[in-house]
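S.K.: Sharing a structure here in structure tokens format.
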Amino acid sequence: MRTTAWTFLGPALLALGAGASFVTQSALNAQLRTVLHSPVRASFVSYLGGTITMVVLALVMRESWAYARDFAPSSWWLWTGGFFGAIYVIISIILLPRIGAATLFAAIVSGQMFASLAFDQFGWFGLAPRPIDLTRLVGGVVLIRR
């Protein structure tokens, strides 16, 4: 029972931490926008910090770049993740001071839920198709995770 509980609780706690980090990032970036007088500059600083963090993690974890040869045959759309991340960051920076953290993240979570349902339904970007049913429409992490 203990292992089963942690099989769900461990990842759920990590996901909650990731959600909290979104709010933290957005609040910090919104303040940075005020200091720098630009959502674009604030986004750039955010991504620069993230890039530096990833370089340090790659060095600490001794990640090999030997797989760089595998980049060439990949589909072009696999390289657009940073674009979507930038869209998220800049929209968050602009909207958080206007509508508040709770409203912003309620809208973001709603967008994530609707998009997730579509991605599951149609199996976009290599995901295993999982048809929309009443359980998935009702929503919630516990209900979707079956």
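The values are calculated or read from the model by the stated rules, or taken from the named source; none is laboratory data. Nothing here was measured: the structure is a model prediction, and the numbers come from that model. Note that each Cβ is placed from the backbone with ideal geometry, even for glycine, and that neighbours are counted across all protein chains shown. Note: areas computed on protein heavy atoms with side chains; ligands, DNA, RNA excluded. Shrake-Rupley method; radii C 1.70, N 1.55, O 1.52, S 1.80 Å.
S.K.: What about Leu48, is it over 15 Å from the mean Cα position of the chain (by Cα), closer than 17 Å to Tyr88 by Cβ and either in a helix (DSSP H, G or I) or among the acidic types (Asp, Glu) (or both)?
M.R.: Yes: the conditions hold for Leu48.
S.K.: Could you check how many residues of region 115-136 are in a helix (DSSP H, G or I), within 29 Å of Met54 (Cβ to Cβ) and open to solvent by 50 Å² or more (accessible area, probe 1.4 Å)?
M.R.: Looking only at that region, the number is 5.
S.K.: Out of (1) under 23 Å from Thr34 (Cα atoms); (2) open to solvent by 90 Å² or more (accessible area, probe 1.4 Å); (3) under 18 Å from the mean Cα position of the chain (by Cα), the odd one out for Arg98 is which?
M.R.: It is condition (3) that Arg98 fails.
S.K.: Taking into account only those residues within region 59-75 that are assigned to a helix (DSSP H, G or I) and modelled with pLDDT under 90, which is farthest from Phe125 (Cα to Cα)? Please lay out each step first, then the result.
M.R.: Taking region 59-75 first, the residues assigned to a helix (DSSP H, G or I) are 59-60, 66-70.
Applying the additional criterion that residues be modelled with pLDDT under 90 yields 66-70.
On the way: Ala66: 25, Tyr67: 21, Ala68: 21, Arg69: 22, Asp70: 18 Å.
Step by step, filter region 59-75, then rank; the result is Ala66.
S.K.: Something else now. Go through region 57-90 and give me each residue that's within 30 Å of Thr34 (Cα to Cα) and open to solvent by 80 Å² or more (accessible area, probe 1.4 Å).
M.R.: Passing the criteria: Phe83, Phe84.
S.K.: Just need a number here: residues in region 35-52 that are surrounded by 12 or more Cβ atoms within 10 Å (Cβ to Cβ) and free of Cβ contacts under 8 Å to residues at least 24 places away in the same chain.
M.R.: Qualifying residue count, region 35-52: 7.
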